[in-house]
Amino acid sequence: MIIRQAMVLAAGLGTRMRPVTDTIPKPLVKIGGKPMIDYGLDALVAAGVETAAVNVHYLAEQMIDHLSAYSGLDIVVSDERERLMNSGGGLAKGLELLDRDPVFVMNADLFWIGEPHGKPSNLERLAGFFDSATMDMALLCVRLENTTGHDGKRDFSLGEDGRLTRYREGLPNPVVYAGAIVLSPTLFDDAPEGAFNLNIYFDRAIAAGRLHGLVLEGHWLTVGTPEAIGEAEETIRKFSEIA
């Protein structure tokens, strides 16, 4: 299945990245010479996405200027300048700008490098993995040893059948949520009004046995503090030498 649309969550305040984010929104902070959000946008283009909704709040004018100059995608802005909607509320609001076909959901400040050449990309694999008959959401996940900048927290335990449950100490096959999802917009037809956290829908899907995960190929990066920028750039440099 080729997914043609996406929602990119980019409205966060980036408080842990201060003072870097005093004057620039976190998704536009450059890592390895490239704004963080562009790693995700480029991955969406490579996977066949044509339209993306992107939510904005903090220093929104900078975000809108950058998105208007980005080529390769038809980008529509979900404007949260008046009210920040949190991850779930922001997603529900942004989905209203898209059609009812399956959609990628991406975090603007999480990305990966080092995908194997000559094979389907992680997003293409995730699109092929998603089955609306058995899944509410398909999450891209990563093993802790293939991360840079992460705090060590495991998010889920991945079962042999591909189902995800919340990780607890001692459970097998722990994985980290890598910031990419495939879902059907109809899932959010009953979304609450206003701001809410996406974890509500994760937990609901777990309870129904309908949250599934696919393990990322390559290396995943998160840059949460100014000190993490150098570590991320060193990881990118090492991977570029291998490629």
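Only the coordinates and a few stated rules stand behind these numbers; no lab work does. Quantities reported herein were computed from a predicted structural model and do not represent experimental measurements. Heads up, the Cβs are rebuilt from the backbone with ideal geometry, glycines too, and the neighbour counts pull from every protein chain shown.
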DSSP H segments from the chain that extend 18 Å or more along their own axis, Cα-based, with Kyte-Doolittle mean of -1.0 or above: 227-242
Most mobile of GLY90, GLY213, GLY224 in a GNM of the chain (Cα contacts under 10 Å): GLY224
Residue-averaged 222 nm ellipticity for the chain, from DSSP H runs of 4+ at -39500 (n - 2.57), nearest 500: -8000 deg cm²/dmol
Sorted by Cβ neighbour density within 10 Å, fewest at the top, the residues HIS212, HIS66: HIS66, HIS212
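So what's the net charge close to ASN55: Lys and Arg +1, Asp and Glu -1, counting the other residues with Cβ under 14 Å from its Cβ?
-1
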Within straight-line cross-link reach of LYS26, lysines at Cα separation under 29 Å, skipping those fewer than 8 residues along the same chain: LYS34, LYS93, LYS153, LYS238
For PHE111, residues with placed amide H under 5 Å, excluding near neighbours: LEU221
Charge tally in the Cβ shell below 9 Å around MET36, where Lys, Arg are +1 and Asp, Glu are -1, MET36 excluded: +1
Relative contact order computed over the chain (Cα-Cα under 8 Å; 6+ residues apart), in percent: 26
Centroid-to-centroid separation of region 141-199 and region 1-57 [C-alpha atoms, Å]: 19
Overall form of region 29-76 per C-alpha gyration tensor (a/c, 1.5; a/b vs b/c): oblate
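Just want the ordering: ARG143, ARG4, from fewest to most Cβ atoms lying within 10 Å of their own Cβ.
The fewest-first ordering by Cβ neighbours comes to ARG143, ARG4.
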Cα gyration tensor shape for the chain, rounded if a/c is under 1.5, else prolate or oblate: rounded
Surrounding net charge for ILE24, when Lys and Arg each add one and Asp and Glu each subtract one, Cβ distance under 11 Å: +2
Length-normalised contact order for region 163-243 - Cα pairs under 8 Å, 6+ apart - percent: 41
